1. Got a sec? Which of Phe164, Phe193 is within 18 Å of the chain's Cα centre (by Cα), under 20 Å from Thr252 (Cβ atoms) and of a type in the set (A, V, I, L, M, F, W, C)?
2. Restricting attention to region 289-306, which residues are out of contact with any Asp or Glu (no Cβ under 9 Å at 6 or more places or on another chain) and either within 16 Å of Val330 (Cβ to Cβ) or part of a helix (DSSP H, G or I) (or both)?
3. Any residue in region 419-430 that is in the same structural domain as Leu447 (by TED's automatic domain parsing) sitting within a Cβ distance under 8 Å of a residue that is at pLDDT below 80 and buried (at least 22 other Cβ atoms within 10 Å of the Cβ)? List the pairs, counting only those 6 or more apart or interchain.
4. Could you list, in sequence order, all residues of region 81-111 that are in a helix (DSSP H, G or I), of a type outside the set (Gly, Ala, Ser) and closer than 25 Å to Pro151 by Cα?
5. Can you tell me which residue in region 472-514 is nearest to Thr443 (Cα to Cα), limited to those that are hydrophobic (A, V, I, L, M, F, W, C), assigned to a loop (DSSP other than H, G, I, E, B) and at pLDDT 90 or above?
6. Checking the condition within 22 Å of the chain's Cα centre (by Cα) and surrounded by fewer than 18 Cβ atoms within 10 Å (Cβ to Cβ), which residue from Asp101, Asp22, Asp30 passes?
7. Collect the residues in region 123-160 that are at pLDDT 95 or above, part of a helix (DSSP H, G or I) and surrounded by fewer than 18 Cβ atoms within 10 Å (Cβ to Cβ), keeping them in residue-number order.
8. Kindly evaluate Val458 against the criterion of being within 26 Å of Val121 (Cβ to Cβ) and either of a type in the set (A, V, I, L, M) or surrounded by 21 or more Cβ atoms within 10 Å (Cβ to Cβ) (or both).
Amino acid sequence: MNSSSTTALHARFLRGLAASPDGAAIRFGDQAVSYRQAHERALLWAGSLHAAGPRPPAVVGVLFGKTIESYQGLLAALYSGATVVPLNVSFPTPRLRAMIDLAGVTALLADEYGMAVLEDVLAGDTMPVLAMADPGVGTIEVDPANALAQPHPVAATDTAYMLFTSGSTGRPKGVPITHGNTHHYFSYLDERFDFTPDDVFSQTFDLNFDCAMFDLFCAWGAGATVCAIPPHAYRDMPAYFADHKITVWFSTPSAIGLVRRMGGLTPGAMPTLRWSFFAGEALKCADAADWQAAAVGSTLENLYGPTELTVTITAHRWSPESERLAVNGVVPIGDLNPGHEHLVITPDGEPTEDEGELCITGPQMTPGYLDPEDDKGRFLEHGGRTWYRTGDRVRWVSPTELAYLGRLDSQVQIHGLRIELAEIDNAVRASGVEDAVTVTRETAGGLELVVFYTGERVPPSELNKRLCDRLPQSMVPKHYQHVDEFPLNSNRKVDRRRLAGVAADLLTARAGAQ
């Protein structure tokens, strides 16, 4: 491996290839692909991307429906030296096209589901496309003569991948993460954890969710296997773990409730697990304790981090002391990853030793959003350094432990996905109503979205249909409530807190009626 590639994200796969060439790199149902096979295919596809145009593509989209080919496509795009943009086919077509245009995608790798929506996404435009499941139907010829001899070298400052988060302006925000960002992150994880080629990692996240990078590149860096978890596995998770010898689990905390409802959290029910990780939402102490009792042989960690800080930036290891440090029954998020510094600020932007907004700087911080306009309000200059403002309120509960207290703005997390409520408001307004305000309410299955709107009454099913054409399914609200006007607070602004209370009361009333 030449020196220019030592920080490359794809270098982790090369490590796994050296450690376990014939071991399974990816397992998807009854299908499995070895490290050697995935490596050779990635070189073939990357070389085909290079041969398809006068110059190598700078930005490659992977249009996927989560198939075994999509994982290999992500690796091939990295091998080509391009920035990878995962594009989930479950997103509405206009959103996918906006992401492609914003990122400057110049070539696509598409699995069978991607090919099914390709015509609608391109809308008459042309772009080089490699059809991963059936190379003969794409516009990029897959010729073994064009295979790369080795992955294309990249610099630490080059962007490895770009993910899109919900934006308050009504359009998604592009977050570039560099090879240098990921190198620091995974080098630290190598020191913290003892993953080996014998490990089998769960893969519960879609590829457009940054936590999927943890699964893939922790596993591939150790020569371990990544096992995609199908929805039916949750019906009997202990049996699935036993059958597939899962040793490393990573999901949002919402999965704990689902496994519990299916009867899977009995003490000692998951003996194969060595490590259990949760991120994306607040982890409740009661949920952590139940999971730990079922996976008694595993070490459980609560991880925290926004996409802009490369997957996760803090970690708390569950122990008997965890509940003593908890705030509002929520597991602490722990201390910062090495090499990073924190700043806690008041609403006025002044540093404080008490609770306030968490700001972080260090080698995992994104260089900035794809559109510099999105940087406004998210980055802070202080002490001659640039800090990322997380928008999360925290306090220190011990010299080495941070507690998460909640959001400061209208951004929420639903099943681990960051959602700007303002983006939903904009979409509802564009769907034929006068005005709209989106709030959340707590249910047994976690937070859910509720829309209050004014103007003409629209059947909920119709509103839902209109929003499905504008928003990803994860952002489409569950309930719609018409009001004549919105309540206002003392500042004559819409009283979101009061609307959230109404939403909670409606849920209680509905439960009582049943």
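The values are calculated or read from the model by the stated rules, or taken from the named source; none is laboratory data. In this text, all values refer to a predicted model and were calculated from it rather than measured experimentally. Using ideal geometry, Cβ is built from the backbone for each residue, glycine included, and neighbour counts are taken over all protein chains shown.
1. None of the other options fit; the residue is Phe164.
2. Asp290, Trp291, Gln292, Ala293, Ala294, Leu300, Glu301, Asn302, Leu303
3. Pairs that qualify, where the first residue is in the same structural domain as Leu447 (by TED's automatic domain parsing) and the partner is at pLDDT below 80 and buried (at least 22 other Cβ atoms within 10 Å of the Cβ), are Ile419/Ser166; Glu420/Ser166; Glu423/Ser166.
4. Ile100
5. My answer is Val476.
6. Asp101
7. Pro144, Ala145
8. no
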